[in-house]
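The values are calculated or read from the model by the stated rules, or taken from the named source; none is laboratory data. Everything numeric in this text was worked out from a predicted model, so none of it was measured. Cβ coordinates were reconstructed from backbone atoms using ideal geometry, including for glycine residues, and neighbour counts include every protein chain displayed. What goes into the accessible areas is simple: the full protein's heavy atoms, side chains included, and nothing from ligands, DNA or RNA. Shrake-Rupley method; radii C 1.70, N 1.55, O 1.52, S 1.80 Å.
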Amino acid sequence: MDWGMKNRLSRIIKPDTGRTVMLAVDHGYFLGPTTGLEDPKGTIKPLAPYADALMLTRGVLRTSVEPSVNVPVVLRVSGGTSILKELSNEGIVASMEEAIRLNVAAVAVSIFVGGEYEKQSLMNLSNLVDAGERYGIPVLAVTAVGKEMGRDARYLSLACRIAAELGAHFVKTYYCESFETIVSSCPVPVVIAGGKKLPEREALQLAYEAIHKGASGVDMGRNIFQSESPVAMIKAVRAVVHEHASVEEAYRLFNKLKEETPRREAKRQEAATSFD
């Protein structure tokens with residue numbers, strides 16, 4: 001792995017902790033304006049300062065993230081299907097040259113092991129790795145699951161190992177029982193997906209257990225931007241991932257910050273109107 005590749009990865013997975021808190025806001029590429037992402041710019045702006053990386057599409061990057069925002073970008077480059085069709089039938093929708101123009105730190109592609117278009121998705125990954133190696137850009141393989149695919153350790157270990165064998169530089173997968181066996185059999189860093197929206201304490205428990213069983217971080221979306229207090233939630237997740245906070249400590253932090261947010265907003269509004 002050359003210097004440029006290592007440098008980009010170190011911007012995402014922080015060397016001082018060996019972990020990352022990625023903010024996933026790429027859901028619209030197949031779900032459209034899902035709850036919490038109707039206004040991508042409004043969602044991303046307050047959360048970006050607390051994310052180690054943003055995972056999104058080129059369209060949202062161009063329209064909804066200010067160029068001055070100094071947060072590494074993991075660019076979603078697979079797509080071409082919607083929730084209305086067979087999701088595994090993806091292609092590559094943005095070139096590596098486009099990724100370079102956008103100054104991204106990594107690119108992401110979904111793989112559908114066991115899906116109808118398994119081979120196509122794995123070839124997408126392989127071709128992307130070839131291009132990434134030419135330009136020093138890491139590739140994140142996302143082990144997507146469909147309705148017929150399991151989320152147990154046996155299946156996810158298979159998917160993660162195949163991704164690593166094909167050259168992925170890090171992998172995103174789901175947390176499950178015996179998660180440590182997935183990490184131990186995957187020779188590249190593993191980050192977990194947040195998955196469906198959970199109550200805040202349960203989401204923090206998910207992050208805690210994954211980290212303590214070897215995950216290199218989280219890539220959370222709905223469990224942050226659909227939270228009743230998104231900024232409080234991402235700060236609480238950071239406490240678990242980077243500061244060794246327990247679930248109870250992180251949940252107390254979330255509640256404390258959640259209670260303070262309305263007061264801060266009221267003060268901001270008061271200051272804004274004091275000159276009227």
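A few notes on this one:
- Folded to 0 to 90 degrees: helix 118-135 orientation relative to the chain principal axis, Cα: 80 degrees
- Ratio of the Cα radius of gyration of segment 170-235 to 2.2 N^0.38 Å, where N counts its residues: 1.10
- Net charge contributed by nearby residues that have their C-beta within less than 13 Å of Q120 (K/R +1, D/E -1): -3
- With the convex hull constructed from alpha-carbon coordinates only, segment 115-170 shows a mean projected area of 3.7 nm² over all directions.
- Normalised by 2.2 N^0.38 Å, with N the number of residues, the alpha-carbon radius of gyration of segment 89-133 equals 1.19.
- Taking a ≥ b ≥ c as the square roots of the eigenvalues of the alpha-carbon gyration tensor, the chain is classed prolate because a/c is 1.5 or more and a/b outweighs b/c.
- Here the simple spin-label model places points 7 Å from the Cα toward Cβ, and for E116 and V69 these points are separated by 3.4 nm.
- Taking the Cα atoms of segment 74-185, the ratio Rg/Rh between the radius of gyration and the Kirkwood radius comes to 0.97.
- Taking other residues whose beta carbon is less than 13 angstrom from the beta carbon of V142, and scoring Lys, Arg as +1 and Asp, Glu as -1, yields -1.
- Shape of segment 5-92, Cα gyration tensor, a/c cut at 1.5: oblate
- E259 - accessible surface, heavy atoms, 1.4 Å probe, Å² rounded to 10: 120 Å²
- Under a Gaussian network description of the chain, with springs only between Cα atoms under 10 Å, the residue in M123, M220, M55 that fluctuates furthest is M123.
- Carbon/sulfur fraction of accessible area - the chain, other protein chains in place, 1.4 Å, %: 51 percent
- Positive-end residue of G167, N89, V74, charge dipole of segment 70-167 with Cβ unit charges: V74
- Accessible surface of H242 - all protein chains present, 1.4 Å probe, nearest 10 Å²: 30 Å²
- Relative pair counts by distance (%), Cα atoms of segment 138-215, 10 Å bins: 20, 53, 25, 2
- The chain: angle of helix 200-212 to the longest principal axis, Cα-based, in degrees nearest 10: 50 degrees
- Computed [θ] at 222 nm, deg cm²/dmol, the chain (DSSP H ≥ 4; -39,500 (n - 2.57); rounded to nearest 500): -14000 deg cm²/dmol
- Phi angles of segment 95-112 translate, via the Karplus equation with coefficients 6.51, -1.76, 1.60 and θ = phi - 60°, into HN-Hα couplings of 7, 5, 4, 5, 4, 5, 4, 7, 6, 7, 8, 6, 10, 10, 9, 7, 10, 10 Hz per residue; Gly and Pro are given as x.
- 3J(HN,Hα) from dihedral phi, segment 78-91, Karplus parametrisation 6.51/-1.76/1.60, rounded to Hz, x for glycine, proline: 9, x, x, 10, 10, 4, 7, 10, 6, 5, 6, 7, 8, x
- Pairs with C-alpha atoms separated by more than 32 Å, drawn from the list K119/K197; K85/K258; K6/K256, are K85/K258; K6/K256.
- Each residue of segment 151-160 was assigned a 3J(HN,Hα) from its phi angle through the Karplus expression (A = 6.51, B = -1.76, C = 1.60, θ = phi - 60°), giving 10, 9, 5, 5, 5, 5, 4, 4, 5, 5 Hz with x at Gly and Pro.
- Acute angle (nearest 10 degrees) that the helix 230-243 long axis makes with the longest principal axis of the chain, alpha-carbon atoms: 60 degrees
- In the context of the full set of protein chains, residues of segment 1-118 present 46 Å² of accessible surface per residue (probe radius 1.4 Å, heavy atoms only).
- Long-range amide H partners of V93 with built H, under 5 Å: S78, G79
- Charge tally in the Cβ shell below 9 Å around F254, where Lys, Arg are +1 and Asp, Glu are -1, F254 excluded: +4
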